[in-house]
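Have a look at the structure below before the remarks.
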Amino acid sequence: MTTSVGAPGRWGMLALIVAAQTMANVGPLGIPSIAPLIRQDLGLSMAQAGSFLSAYYIGAAIMSLPAGWMGDRWGVLATMVIGQALISAGLSGVAGSVSFWLLTLIMIVAGAGYGMLNPTTAKAAMAWFPRRQRATAVGFKQVGLPLGGAVGALIMPHLGLSLGWRPAVMMPAALVAVVGLLTWILYRDPPDSEYAARGTAGGPSLAAVLANRDLWLVALSTLIFAGMQTVWMSFLVLYLTDVLFLPLVQAGGYLVMAQTAGMAGRVLFGVLSDGYFQGRRRVVLVIAGAGSTACSIAMAGTGPSTGAWLLGSLAVTFGFFGIGWNLLAELVGPRGAGTAVGLGLTISSFGVSLCPPLFGLAVQRLGGFAVPWAMLGIVMAMNLCFLIPVREGRMELS
């Protein structure tokens, strides 16, 4: 059985992949929901409290490209499990941190684990499904990011208020370890797949990926997509608690709404790309970018008098467009999926690492959030120009 018709058991493997992706994101993406507690305990500035995910993605940037290449050449199982082990160990270390700089260093280590996990799970999902289902399959796989973030934002504020922020971080660390063990026991490669684990002859060289002009254009564009997404996830709760004076649990509820809408966006965008847009991926990214732009500019006009219905609408709309995008792997096909996602994550991680601290510094220097929110939207609108010259037919790697 080849990937042209789909291997038997692929939906079960996809469920395992989604579980791995979900649990890996509960802790790291849930930490912003308890950032006010960490900020108070460690005496952090606004920029520092909003930079936890930036540190996490520095590790991802360092590791994702070599990990993607390893997944293409040597298979995904060992890379996935090692990545999960690093995330679990890193979160455990974060829970014991006594200073901002120690917490930041350990978040980088945990991020290296995610840099190993994310491109290899994309490679696994691509290998198990035929071309006509790839965007849908990877969309389901990528649901793990907002789903994990939603679970973290839902439960970690309650745990943080009742037990303290340190036990709230230890809980997802244990969950990642459990799912890592299940992955080691249950995962297998698709039978007789031309993209199976150790099919080294079938994968493209690293040089071939790095020489792909159109892949670079999309990767550079995703730098801003990922940076904007992380700014929203990092600062939404801080903004709602510090400026709109909402209670922590209520503010975390808006983050849950955004992450939940992001789940729907990742699936629906994949289905639309496979079906209505007949395999065209660029138009989906343009739609997602336009929606994100509108939400950030609208967010600049909110304040203490803003009603819950408007805040909820903005959270859901941004979640759908700003978190729901993710189609880089499908643009290049399964042979180079791991390496391509590794390159994309490496480039986009610079946006993730730089944008939240810059946004936080802008908030501090300008004395408020309104101008930084508006600037964020304007930068995204300009960023869409990277997608204009992309030639999708030239991106499939062989």
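The values are calculated or read from the model by the stated rules, or taken from the named source; none is laboratory data. Since the model is a prediction, treat every value here as computed from it, not as a measurement. We place every Cβ from the backbone using ideal geometry, glycine too, and count neighbours over all the protein chains shown. Side chains are part of the model used for accessible areas, which takes the heavy atoms of the whole protein and leaves out ligands, DNA and RNA. Shrake-Rupley method; radii C 1.70, N 1.55, O 1.52, S 1.80 Å.
In this rough spin-label picture, where each label sits 7 Å from Cα along the Cβ direction, the W184-V283 distance is 4.7 nm.
Find, among the chymotrypsin sites (Phe, Trp or Tyr not before Pro) in segment 345-377, those assigned to loop by DSSP (not H, G, I, E, B) with at most 15 other beta-carbon atoms within 10 angstrom. Please report the intermediate quantities before stating the final value.
Working: sites: F350, F359, F369, W373; in loops: F369.
When the chymotrypsin sites (Phe, Trp or Tyr not before Pro) of segment 345-377 are filtered for loop state and at most 15 Cβ neighbours within 10 Å, nothing remains.
Across segment 350-365, rounded Karplus estimates of 3J(HN,Hα) from the backbone phi angles (6.51 cos²θ - 1.76 cosθ + 1.60, θ = phi - 60°) give 5, x, 5, 6, 8, 5, x, x, 5, 5, x, 5, 4, 4, 5, 6 Hz, Gly and Pro being marked x.
A crude spin-label estimate for the pair A264 and I378, with each label 7 Å from Cα along the Cβ direction, gives 3.2 nm. Along segment 217-230 the Karplus relation, 6.51 cos²θ - 1.76 cosθ + 1.60 evaluated at θ = phi - 60°, assigns HN-Hα couplings of 4, 5, 4, 5, 5, 5, 4, 6, 3, 5, x, 5, 4, 6 Hz to successive residues, with x for each Gly and Pro. Per residue, the accessible area of segment 75-182 comes to 31 Å² when a 1.4 Å probe rolls over the protein heavy atoms. Taking 0.36 nm per residue of separation and subtracting the Cα-Cα distance, full extension of the segment from L161 to D41 would add 42.0 nm. Can you give the relative contact order of segment 55-188 as a percent, counting alpha carbon pairs under 8 Å and 6+ residues apart? Contact order relative to length: 35 percent. Net charge of the neighbourhood of Q21, taken over other residues with C-beta under 15 Å away and scored Lys/Arg +1, Asp/Glu -1, is +3. Once both labels are positioned 7 Å from their Cα atoms along Cα-to-Cβ, the gap between Q250 and I62 label points is 4.1 nm. Computed over protein heavy atoms with a 1.4 angstrom probe, the accessible surface ordering of V243, V371, largest first, is V371, V243. Residue ranking by accessible heavy-atom surface, 1.4 Å probe, largest first, among W101, W184, W165 comes out as W101, W184, W165. Kirkwood-type hydrodynamic radius, segment 59-174: 15.2 Å, calculated from all non-identical alpha-carbon pairs. Computed with the Debye formula from one identical point scatterer per Cα of segment 27-98, without solvent, the log10 of I(q)/I(0) at q = 0.14, 0.17 Å⁻¹ comes to -0.54, -0.72.
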